[in-house]
There are 2 protein chains.
Amino acid sequence: MTPRFSPVPAEPLTPVPVMPPRERILAAASDLFYRQGIRAVGVDAIAETAGTNKMTLYRHFESKDVLVAEYLRRLAGKSEVFWAHIQREHPDSPRKQLGSWLEAAGRDANDPQGRGCALANAAVELAEKDHPARRVIEEHKRASRDRLAKLCADAGLKQPEMLADELFLLLEGARVCAQSIGADSPCCRFVRMGEAIIASHEK
Amino acid sequence: MTPRFSPVPAEPLTPVPVMPPRERILAAASDLFYRQGIRAVGVDAIAETAGTNKMTLYRHFESKDVLVAEYLRRLAGKSEVFWAHIQREHPDSPRKQLGSWLEAAGRDANDPQGRGCALANAAVELAEKDHPARRVIEEHKRASRDRLAKLCADAGLKQPEMLADELFLLLEGARVCAQSIGADSPCCRFVRMGEAIIASHEK
DNA sequence: TTGATTTGGTACCGATCGGTAACATATAGG
DNA sequence: CCTATATGTTACCGATCGGTACCAAATCAA
């Protein structure tokens, strides 16, 4: 059944200017890398999901590895935004900031769709210690832990460095635990544990 | 330079009966999977490392996925042996058993060659929720946490269930943190943190 | 010694991997 | 309008992936 008339020019699905290819690729990569794992996702799949092709992908990212690094860098950036947010939320109460952090972390660790921390997962998947992503991962993790330590100190809690380490590892553990044990796992009690640990550092 | 004489028959490198192929394959897979990651290692590499070939590998394991599952099952078995060990070490002092656990966990989390918990890493790498390895992982993690809870209860500590969750997540966190942050990371202080948390549950 | 079972070796399968060449098309700026 | 730049399309590269067919050599039990 061949068309007898020239087809009506199809209107673009989104009349507003669509995201530029680079952003679409990054968005597609974010989704696929996080949900399926970095090594499990090929560049073809990313290009297709982004509604483009492999050539355009390689015009914007010189290799899959630097795409991975950029994917993680963006996530680290969102984390910065989050820290700024809780600071703006309670400008003069480090204690409440810590509460916000704990609550958000708990939400994050208990997200049924979640697959833990993308940065930590990447560190597990990318064993090569010279992978371009590793710098991003280490810097982000170190910065997160240090921010937390500053918060604990500002909140006037006892042994703030140790408290920060405890809370940091508790969260890292909860996020990886959510992937190994499914439902009804220790990470369901994350917030309560965090509160108990904080309480044990009260003066 | 062609050989002028027929070569002396090479003696086997190990005169004693060598490990059977199945064990060699499992040993090779353990080493490679743990150090490089499961998805990063192909069956060819495993067979070659095991000093055999792909055909023999597939005669003993119907697929790479069941080889992975068996690799993890063995590790879970070694964990059972460890629990039996610390129980035999201090038969009538749950408190000392907990001390042994903490010390061993600390050694494990701070091993510079280590790459964290192989079971947890596998959970991160194998996102497919119907992968044969996932049952092994979940059962092992759940059993570990429950053993720890029993130990905390027997040791007569306050809120043993919560304490077990805290220590469990602390260890999970330390092992994943060792991979993301390199040296000088919170997991260096793992044992001290564990002791502090235990102390906060003292009656 | 015979016969059955277990290995090793090699070549191969289709699929996919990361990455590129070449060319056509669209878009935008002057 | 012309030109430069960004994007789309297609086909391809060599390498590797997980998995198998086939046969020879070794091993072992009877």
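Some values worked out for this structure:
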quantity	calculated
Convex hull volume per residue for the stretch B:143-183, taking Cα atoms only, in Å³	65
Per residue accessible area of chain A, 1.4 Å probe, in Å²	53
Computed P(r) (all Cα pairs; the protein assembly as shown; 10 Å bins; percent)	4, 19, 27, 23, 14, 8, 3, 2, 0
For residues of A:73-83, the mean tally of beta carbons on other chains within 10 Å	0
Cross-link pairs A:LYS150/B:LYS141; A:LYS54/A:LYS129; A:LYS78/A:LYS150; A:LYS141/B:LYS150; A:LYS141/B:LYS203; A:LYS78/B:LYS150 - those with Cα-Cα distance over 29 Å	A:LYS150/B:LYS141; A:LYS141/B:LYS150; A:LYS141/B:LYS203; A:LYS78/B:LYS150
Using a Förster distance of 25 Å, the FRET efficiency for B:LYS203-B:ALA104 (Cβ separation, nearest 0.05)	0.50
Point-to-point label distance, B:GLU62-A:ARG135, nm (Cα→Cβ direction, 7 Å offset)	4.8
Eligible aspartates and glutamates near A:LYS64 by straight Cα distance, threshold 17 Å, same-chain separation 8 or greater	A:GLU23, A:ASP31, A:ASP44, A:GLU48, A:GLU125, A:GLU128, A:ASP130
Cα-derived Rg to Rh of chain A, Kirkwood definition	1.10
Degrees separating the helix B:64-89 axis from the principal Cα axis of chain B, which is the longest one	50
On Cα atoms only, tilt of B:190-199 relative to the major axis of chain B in degrees	30
Euclidean distance between Cα centres, the stretch B:138-169 to the stretch A:179-201, Å	12
Residues listed by number, the stretch B:151-171, amide nitrogen under 12 Å from B:GLN87 label point at 7 Å toward C-beta	B:151
Taking the C-alpha atoms of the stretch B:113-160, convex hull volume expressed per residue in Å³	98
Taking chain B and dividing mean pair separation by its residue count, relative contact order in percent (alpha carbons under 8 Å, at least six apart)	19
10 Å Cβ neighbours from other chains, averaged over peptide A:157-169	5
Net charge of Cβ neighbours under 10 Å - reference B:MET193; Lys, Arg +1; Asp, Glu -1	-2
Selection from A:LEU157, A:PRO94, A:ALA123 lying farthest towards where the dipole of the stretch A:67-171 points positive, charges on Cβ	A:PRO94
Dipole magnitude (debye, nearest 20) for the stretch A:64-199, charges at Cβ of Lys, Arg, Asp, Glu	140
Rounded, prolate or oblate (a/c below 1.5 giving rounded, otherwise prolate when a/b exceeds b/c) for the stretch B:106-203 by Cα gyration tensor	oblate
Magnitude of the charge dipole, the protein assembly as shown, Cβ model with Lys/Arg +1 and Asp/Glu -1, debye to 20	280
With every protein chain in place, chain A: carbon and sulfur % of accessible area (1.4 Å)	55
In the A-B interface, the accessible area buried, summed over both sides, Å² (probe 1.4 Å)	3500
With Cα atoms, 0 to 90° folded angle of helix B:94-109 axis to chain B main axis	50
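The values are calculated or read from the model by the stated rules, or taken from the named source; none is laboratory data. This structure is a prediction, so every number in the text was calculated from the model and none was measured. FYI the Cβ positions are ideal-geometry reconstructions off the backbone, even for glycines, and counts take in every protein chain you see. Keep in mind that these areas ignore ligands, DNA and RNA; they rest on the heavy atoms of the full protein, side chains included. Shrake-Rupley method; radii C 1.70, N 1.55, O 1.52, S 1.80 Å.
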